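A short worksheet on the structure shown next.
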Amino acid sequence: MQTPQRQLVAHLARLFPEAVFYKETSEKVVALTIDDVPTPNEATDESTQLILDAIAAHNQTIESERDRVQATFFIITDHLFDGTTILDRIVEQGHEIGNHGIADQTTALLRPEIFAEQLNAAHRYISAMLHQPLRWYRPGRGLYNKTMLHCLQQMPGYVPRFALASMLPVDTFKPTEDSQFTAWYVAQHIFPGSILVLHGGTAERSKHTADALTLILDELKQRKYRIVTLSKLWDGV
């Protein structure tokens, strides 16, 4: 029997077919995504490293390489600085990079030509640093319009749908910015094929996410779920 959360997400997916909310599967697998990284104005990207370290610590408890946690980190390019190694560190630990635009903003409010320019600028910046293809774009605030969809569909190599999630994130709001609450809230949205989302982007929020991940990953392990990148979920790997 489907949970109410799963039923709601399936309903949203039918209403908004331009976006990816989950993957239809019976396998116990979820995608973990992290938004808004890295944190601006950090000389060593130390707060984003906290998130990487939380995942790495969990992975040390996993014997099978196939079962180790991999996540998709959605990058805001204005948060990067020349000489940063954070993208290399993310990829070296087996994770995936996604495009989250050039700024933390509601991209659906931008004029079409400005959105197209920013989407391509973020793509070029990340691609030049990574030297590998990008597949996913997640719009700011999770909002989009038909003009944005047309732009996305012109991007070679991208999945021509917006990368959304199976849950409405609440970890960016002060009243609910608590690691234990976040862990409980995320646990309510776990089902086969779900897409989970947490946030970095500030030192405080990144620490909160790192602390919450310790609890969330343990919960998923107990439920015998694999935690993979968005691409691996989508491709059924």
**Q.** Cleavage-rule hits (trypsin sites (Lys or Arg not before Pro)) in the range 186-232: DSSP loop, at most 14 neighbouring Cβ within 10 angstrom
**A.** Arg223, Lys224
Q: Take the alpha-carbon centre of the range 121-145, take the same for the range 184-227, and report the distance between them in whole Å.
A: 23
Q | Charge sum, other residues only, whose C-beta stays under 12 Å from Tyr185's C-beta, Lys/Arg counted +1 and Asp/Glu -1 | A | -4
Q: List the residues whose amide H sits under 5 Å from the amide H of Arg226, counting only those 5 or more places along or on another chain, with H placed 1.01 Å from N in the peptide plane.
A: Val29, Val30
Q) Going by how many other beta carbons lie within 10 Å of each one, how would you line up Ser206, Ser26, fewest first? A) Ser26, Ser206
Q) If you take every DSSP beta bridge whose two residues both sit in the chain, what share of them, in percent to the nearest 5, is antiparallel? A) 5
Q) By Kyte-Doolittle mean hydropathy of at least -1.0 and Cα axial length of at least 18 Å, which whole DSSP H helices of the chain are selected? A) 46-59, 112-130, 203-222
Q: Going by C-beta contacts inside 10 Å, put Ser64, Ser47, Ser231 in order with the fewest on the left.
A: Ser64, Ser231, Ser47
Q.
As a footprinting exposure proxy, order Glu18, Glu113 by other Cβ within 10 Å, with the fewest listed first.
A. Glu113, Glu18
Q.
Can you tell me, using C-alpha contacts under 8 Å and at least 6 residues apart, the relative contact order of the range 51-107 as a whole percent?
A. 38
Q) Hull surface divided by four, with the convex hull built on the Cα atoms of the chain: how many nm²? A) 12.2
Q: May I ask you to compute the full-extension gain from Gln5 to Ala56, defined as 0.36 nm times their residue separation minus their alpha-carbon distance, rounded to one decimal in nm?
A: 15.5 nm
Q. Which Rg and Dmax, in Å, describe the Cα atoms of the range 145-185?
A. 15.7, 41
Q | Sequence-distant residues sharing a close amide H with Val37 (under 5 Å, placed H) | A | Phe74, Ile76, Gly200
Q.
Need one word for the range 11-88: rounded, prolate or oblate. Basis is the Cα gyration tensor (sqrt eigenvalues a ≥ b ≥ c); a/c below 1.5 gives rounded, then a/b vs b/c decides.
A. oblate
Q.
For a quick check of your reading of the filter: which chymotrypsin sites (Phe, Trp or Tyr not before Pro) in the range 1-103 sit in a DSSP loop and have no more than 15 other Cβ atoms within 10 Å?
A. Phe81
(Q) For a quick check of your reading of the filter: which chymotrypsin sites (Phe, Trp or Tyr not before Pro) in the range 124-231 sit in a DSSP loop and have no more than 14 other Cβ atoms within 10 Å? (A) Phe173
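Rule-based calculations on the coordinates, nothing more; no lab input. Everything quoted here is computed from the prediction, not taken from an experiment. A quick note on method: Cβ atoms are made from the backbone with ideal geometry, for glycine too, and the neighbour counts reach across all protein chains shown.
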